[in-house]
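Structure first, then comments.
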Amino acid sequence: MKFSEIKNHLAGYTVGIAGAGGLGSNCAVALARSGIGHLIIADHDIIDIGNLNRQYYFIDQVGMKKTEALKENIRRINPDTRIDIYNTELTRDNIPVIFRDCDIIVEAFDQSEMKEMLAETILSVWPERPLIIGSGLAGYGKTNKLKERTIGNTLIACGDEESETSDDLPPMAPRVGIVANMQANAVVEILMKMKDHENYT
Amino acid sequence: MKITLNNRPEEFIKDEITVSEMLNIKRFTYKMRIVKINGKLIKRDEYDNAIIRDGDNVQMLYLMSGG
């Protein structure tokens with residue numbers, strides 16, 4: 001299939017991105033470049049200089065809200081992608097509202113507690129809606145440990161499922177970027193299997 | 001009983017165990033995770049009551065910090 005045909009297909013879909021840090025910012029950019037029609041991005045954080053080692057922001061954006069900076073950066077890459085942003089902390093109560101219209105959701109948090117909260121909420125509210133989780137991306141090297149695992153039909157985990165970030169095992173651009181792009185790749189693959197706005201089976 | 005755990009066969013002495021018991025027996029210590037029994041999500045507050053029986057398909061995913 002030609003890229004123009006892929007892009008036309010992807011233009012009809014909405015992807016939710018929970019978190020605009022290392023995973024979310026890089027995944028969102030890859031999806032916008034691919035031609036996804038509509039992104040819904042939620043994060044309540046502000047860009048810190050330390051984020052620039054892996055997150056898709058620029059030095060002059062330090063201090064800005066991540067959602068607003070990411071919307072601007074994506075607009076400069078592909079203005080055809082519609083971006084809705086929510087500057088709010090995601091909770092069990094607002095997740096079902098914010099991501100209601102999404103065909104697929106990307107989990108892009110940093111903290112494991114938040115990952116579990118989001119996964120429990122999404123899988124309870126919409127058991128069949130595709131959810132792409134990032135789990136295990138700390139440090140550098142060990143590229144072959146990074147993998148995609150599908151659980152059931154619609155839950156996909158990207159990462160090594162074992163490394164955890166710490167002072168001695170920091171998240172860095174290469175490995176975080178690989179996992180973020182694995183998530184984007186999984187989104188594209190699932191959406192390309194969907195017929196126009198039919199549910200994923 | 002025999003179950004499938006993450007696509008591999010597993011055997012337990014008891015006829016049925018709770019999710020909490022399975023996590024202890026298997027020494028699954030990392031704290032954040034997703035557990036599914038036969039495709040159904042088992043939430044953290046259900047671990048003590050959710051029963052795993054012979055033939056069940058149990059799937060578990062660790063959620064590691066970092067992003």
Defining a contact as two alpha carbons under 8 Å apart and six or more residues distant in sequence, what relative contact order in percent does region A:3-193 show? 24
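Return the subset of A:K66/A:K145; A:K2/A:K193; A:K71/A:K115; A:K115/B:K31; A:K147/A:K193; A:K147/B:K2 for which the Cα-Cα distance in this structure is over 19 Å, preserving the input order.
Numbers: A:K66/A:K145 30 Å; A:K2/A:K193 15 Å; A:K71/A:K115 23 Å; A:K115/B:K31 12 Å; A:K147/A:K193 21 Å; A:K147/B:K2 28 Å.
With Cα atoms farther than 19 Å apart: A:K66/A:K145; A:K71/A:K115; A:K147/A:K193; A:K147/B:K2.
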In debye, nearest 20: dipole of region A:3-193 around its Cα centre with unit charges on the Cβ of K, R (+) and D, E (-)? 660
Give the residues of region B:14-56 whose amide nitrogen is closer than 15 Å to a point set 7 Å from the Cα of A:L169 in the direction of its Cβ. B:29-32
Under a point spin-label approximation (7 Å from Cα along Cα-to-Cβ), what is the B:D15-A:E189 distance to one decimal in nm? 4.2
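Rounded to the nearest 5, what % of DSSP beta bridges with both residues in chain A are antiparallel? Don't skip to the answer; put the middle values down first.
Numbers: 7 of 29 bridges.
Approximately 25 percent, going by the DSSP bridge assignments.
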Roughly how many whole Å is it from the C-alpha centroid of region A:8-23 to that of region B:16-67? 29
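Fewest first, what order do A:K66, A:K145, A:K195 take by the number of other Cβ atoms within 10 Å?
On the way: A:K66 27, A:K145 15, A:K195 9.
Lowest to highest Cβ neighbour count: A:K195, A:K145, A:K66.
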Region A:135-197 versus region A:65-96: alpha-carbon centroid distance in Å: 20
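Taking a ≥ b ≥ c as the square roots of the eigenvalues of the Cα gyration tensor of region A:1-112, is the shape rounded (a/c under 1.5), prolate (a/b larger than b/c) or oblate?
The shape class here is oblate.
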With labels modelled as points extended 7 Å from the Cα through the Cβ direction, what inter-label distance (nm, one decimal) is found for B:R44 paired with A:R76? 3.9
Anisotropy class of chain A from Cα gyration tensor, a/c 1.5 cut: rounded
Would any residue of region A:32-60 have its amide N under 15 Å from a label point 7 Å out along Cα→Cβ of A:T88? List them or say none. A:40-45
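Bear in mind that the values in this text are calculations on the coordinates, not laboratory data. All values reported here derive from a predicted model rather than from experimental measurement. A quick note on method: Cβ atoms are made from the backbone with ideal geometry, for glycine too, and the neighbour counts reach across all protein chains shown.
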